[in-house]
Amino acid sequence: MSTHVSAEIAGQPDCWRRAAEIADRDAALLPARGERVAVVGCGTSYFIARAYAALRESLGAGETDAFPASDVTPLGRGYDRIVALTRSGITTEVVDLLAAAGRVPTLVVTGVPDSPAGRLADRIVDLGFADERSVVQTRFATTALQLLRAGLGVDLGPAIADAELVLYEQLPAAWERRGQFTFLGTGWTVGLADEAALKLREVARAWTESYAAMEYRHGPISISDRASLVCCIGPEPSGLRDEVESTGALFAADAIDPVAALVRAQRLAVALADRRGLNPDRPRHISRSVILAGAFRPTASDAARILRS
C-alpha cells in the first residue's frame, strides 16, 4: 500500500541533510553552550525533547530539562531559553505555554512558521520542508532532533548513511510475526525508545512498552516471552542480551546511529499495520494537532495552511 507515512519515512535522509545546513547557517538561533534550557513538546515532540535534553547535558553543553508543554514548571525556574517543538504550531498546550512565557526568550522549531506558536516565538527555525501530511510524526520529529544534534556539533554524516541503509534493508520476517514489542534505551536514547514504542501503538495498534535498558530487568522483563521482540536503541548493556534471550524473546541490537534505529522502528510499524490490514495514514483516535475545548482556536487561515501542509 502506498501511504503518506511511508513516503515521509523514506524522505528522512534528505531532510537531515537540510537540517545540518540550517544548523551551520543559522547556528545563532540555536541554544548556545552554557545556556540553561527547557525543551517542551507534546507526544512525539516531548519524547524528542527528552532525547535532546539528555544528549545536550551528556555533551556538557549546559543544563537542559525536558517537560510536556502542559507543565508550567519551565516558566518559574529561571531558564535562559525555552525551546518548543511543534510540528503544526497550533497545539493548545504549546501555544498556552508560549503565551505565558513573559520575558523568557523562546525558540520555536516548527513545520508551520506562520502559526500561532510561530507568531508568539522570539525566534523560529522553519522546518516546513519536513512537515507531513500524516497524522503520525516521523520525518518532522527526527529532523528536529537532527537539527538540534547538529547544533551541538554532532556530525550527521554517519546518521544519514545509516538511515539510508535502514531504508534499503529488508526487515527480518520474524519481527513482524511477534505479538509484543519492547524498546529499550540508555541515556539520551531512552526518549527514542519511548518514541519507537509510540509509533507501533499509533500506526499498528501493537502491544508495545519502553524502558531505560537497565530498568527493564527490574520487573518489566517478566512480560517477555517467545512472542516478544526486544529492541535496544543505542548501546547494549553488558549481559542484557543473555537475560532477554533466556525469556525466549528475540533480542535485536546493533551499532547503527540511534536515530536511524528509530527509522527502522517506523518501518516496522508500517509493516505491522500492513500485515494487520490497517491504514497507517488513518490511526485510531488521534489527530494531527490537539486543540483542547475552551482553549485557543486556530483562525480560518491557520486551518487552511495546516490542511495544505
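The values are calculated or read from the model by the stated rules, or taken from the named source; none is laboratory data. Just so you know, these numbers come straight off a predicted model, no measurement behind them. Here Cβ is always computed from backbone atoms with ideal geometry, including for glycine, and neighbour counts include all displayed protein chains. Side chains are part of the model used for accessible areas, which takes the heavy atoms of the whole protein and leaves out ligands, DNA and RNA. Shrake-Rupley method; radii C 1.70, N 1.55, O 1.52, S 1.80 Å.
Scan Arg284, Arg267 and give me the residue that is among the basic types (Lys, Arg), touching a residue at least 40 places away in the same chain (Cβ under 8 Å) and in a helix (DSSP H, G or I). Walk me through how you get there before you give the answer.
Values: Arg284 fails: in a helix (DSSP H, G or I).
Exactly one of Arg284, Arg267 is among the basic types (Lys, Arg), touching a residue at least 40 places away in the same chain (Cβ under 8 Å) and in a helix (DSSP H, G or I), namely Arg267.
In this structure, is Ile124 open to solvent by 10 Å² or more (accessible area, probe 1.4 Å), in contact with a helix residue (DSSP H, G or I) (Cβ under 6 Å, 6 or more places away or on another chain), assigned to a strand (DSSP E or B) and at pLDDT 95 or above? Walk me through how you get there before you give the answer.
Numbers: open to solvent by 10 Å² or more (accessible area, probe 1.4 Å): yes; in contact with a helix residue (DSSP H, G or I) (Cβ under 6 Å, 6 or more places away or on another chain): yes; assigned to a strand (DSSP E or B): yes; at pLDDT 95 or above: yes.
So Ile124 fits the description; yes.
Would you mention how many residues in region 207-240 are of a type in the set (A, V, I, L, M, F, W, C) and in contact with a strand residue (DSSP E or B) (Cβ under 6 Å, 6 or more places away or on another chain)?
Residues meeting the conditions: 8.
Which members of region 94-116 meet the condition of being of a type outside the set (A, V, I, L, M), closer than 13 Å to Leu75 by Cβ and at pLDDT 95 or above?
So in region 94-116, the residues of a type outside the set (A, V, I, L, M) come out as 96, 102-103, 105-106, 110-111, 113-116.
If we keep only those that are closer than 13 Å to Leu75 by Cβ too, we end up with 96, 102-103, 105-106.
Those that are of a type outside the set (A, V, I, L, M), closer than 13 Å to Leu75 by Cβ and at pLDDT 95 or above: Asp96, Pro105, Thr106.
Taking only pairs six or more apart or across chains, which ones have beta-carbon atoms under 8 Å, a first residue in region 85-104 that is farther than 18 Å from Ala66 by Cβ, and a second residue that is open to solvent by less than 10 Å² (accessible area, probe 1.4 Å) and of a type in the set (Ser, Thr, Tyr)?
Hits for this filter: Ser88/Thr110; Ser88/Ser115; Gly89/Thr110; Gly89/Ser115; Ile90/Ser115.
What's the number of the condition Tyr216 fails, among (1) touching a residue at least 60 places away in the same chain (Cβ under 8 Å); (2) crowded, with 24+ Cβ neighbours inside 10 Å?
(1)
Scan region 68-87 and tell me whether some residue there is among the small types (Gly, Ala, Ser) and within 22 Å of Asp131 (Cβ to Cβ).
Our first condition is that a residue be among the small types (Gly, Ala, Ser); within region 68-87, this holds for 69-70, 76, 78, 84.
Next, from what is left, pick out any that are within 22 Å of Asp131 (Cβ to Cβ): 69, 84.
There is at least one residue in region 68-87 that is among the small types (Gly, Ala, Ser) and within 22 Å of Asp131 (Cβ to Cβ).
Has region 247-262 got at least one residue that is part of a helix (DSSP H, G or I), open to solvent by less than 60 Å² (accessible area, probe 1.4 Å), out of contact with any helix residue (DSSP H, G or I) (no Cβ under 6 Å at 6 or more places or on another chain) and touching a residue at least 24 places away in the same chain (Cβ under 8 Å)? Full working, then the answer.
Taking region 247-262 as the starting set, the residues that turn out to be part of a helix (DSSP H, G or I) are 258-262.
Right, trim to open to solvent by less than 60 Å² (accessible area, probe 1.4 Å) and you get 258-262.
Pick out the ones that are also out of contact with any helix residue (DSSP H, G or I) (no Cβ under 6 Å at 6 or more places or on another chain) and you get 261.
If we keep only those that are touching a residue at least 24 places away in the same chain (Cβ under 8 Å) too, we end up with 261.
Yes: region 247-262 contains one or more residues that are part of a helix (DSSP H, G or I), open to solvent by less than 60 Å² (accessible area, probe 1.4 Å), out of contact with any helix residue (DSSP H, G or I) (no Cβ under 6 Å at 6 or more places or on another chain) and touching a residue at least 24 places away in the same chain (Cβ under 8 Å).
Just to be sure, is Arg81 among the charged types (D, E, K, R) and modelled with pLDDT under 95?
Working: among the charged types (D, E, K, R): yes; modelled with pLDDT under 95: no.
For Arg81, the condition - among the charged types (D, E, K, R) and modelled with pLDDT under 95 - is not met.
Sort through Arg17, Arg50, Arg36, Arg56 and tell me the only one that's among the basic types (Lys, Arg) and more than 27 Å from Ile233 (Cβ to Cβ).
Answer to the selection: Arg36.
Taking the criterion of being of a type in the set (A, V, I, L, M, F, W, C), free of Cβ contacts under 8 Å to residues at least 60 places away in the same chain, surrounded by fewer than 23 Cβ atoms within 10 Å (Cβ to Cβ) and in a helix (DSSP H, G or I), would at least one residue in region 219-227 satisfy it?
Within region 219-227, the first condition is being of a type in the set (A, V, I, L, M, F, W, C), and the residues that meet it are 221, 223, 227.
Of the ones still in play, those that are also free of Cβ contacts under 8 Å to residues at least 60 places away in the same chain are 221, 223, 227.
Now restrict to residues that are surrounded by fewer than 23 Cβ atoms within 10 Å (Cβ to Cβ): 221, 223, 227.
The next check asks that each one be in a helix (DSSP H, G or I); those that pass are 221, 223.
Within region 219-227, one or more residues are of a type in the set (A, V, I, L, M, F, W, C), free of Cβ contacts under 8 Å to residues at least 60 places away in the same chain, surrounded by fewer than 23 Cβ atoms within 10 Å (Cβ to Cβ) and in a helix (DSSP H, G or I).
Within region 167-189, can you find the residues that are surrounded by fewer than 23 Cβ atoms within 10 Å (Cβ to Cβ) and either among the polar types (S, T, N, Q) or over 17 Å from Ser224 (Cα atoms) (or both)?
Taking region 167-189 as the starting set, the residues that turn out to be surrounded by fewer than 23 Cβ atoms within 10 Å (Cβ to Cβ) are 167-180, 186-188.
Within region 167-189, Leu167, Tyr168, Glu169, Gln170, Leu171, Pro172, Ala173, Gln180, Thr186, Gly187, Trp188 qualify.
Here are Ala150, Ala144: which of them is aliphatic (A, V, I, L, M), part of a helix (DSSP H, G or I) and crowded, with 23+ Cβ neighbours inside 10 Å? Talk me through it step by step, then tell me what you get.
Working: Ala150 fails: crowded, with 23+ Cβ neighbours inside 10 Å.
It is Ala144.
Taking Leu272, is it surrounded by 13 or more Cβ atoms within 10 Å (Cβ to Cβ) and modelled with pLDDT of 95 or more?
Numbers: surrounded by 13 or more Cβ atoms within 10 Å (Cβ to Cβ): yes; modelled with pLDDT of 95 or more: yes.
In short, yes.
All but one of (1) more than 14 Å from Thr182 (Cα to Cα); (2) more than 21 Å from the chain's Cα centre (by Cα) hold for Ala227; state the number of the condition that does not hold.
Among (1) more than 14 Å from Thr182 (Cα to Cα); (2) more than 21 Å from the chain's Cα centre (by Cα), the lone unmet condition for Ala227 is (1).
Please return the ranges of helices (runs of 4 or more DSSP H) entirely within region 1-113 where 2 or more residues are open to solvent by 10 Å² or more (accessible area, probe 1.4 Å) and closer than 17 Å to Gly191 by Cβ. If you could, list the steps in order and put the result at the bottom.
On the way: elements: 4-10, 12-25, 44-58, 92-99.
Counting at least 2 such residues, we get 44-58.
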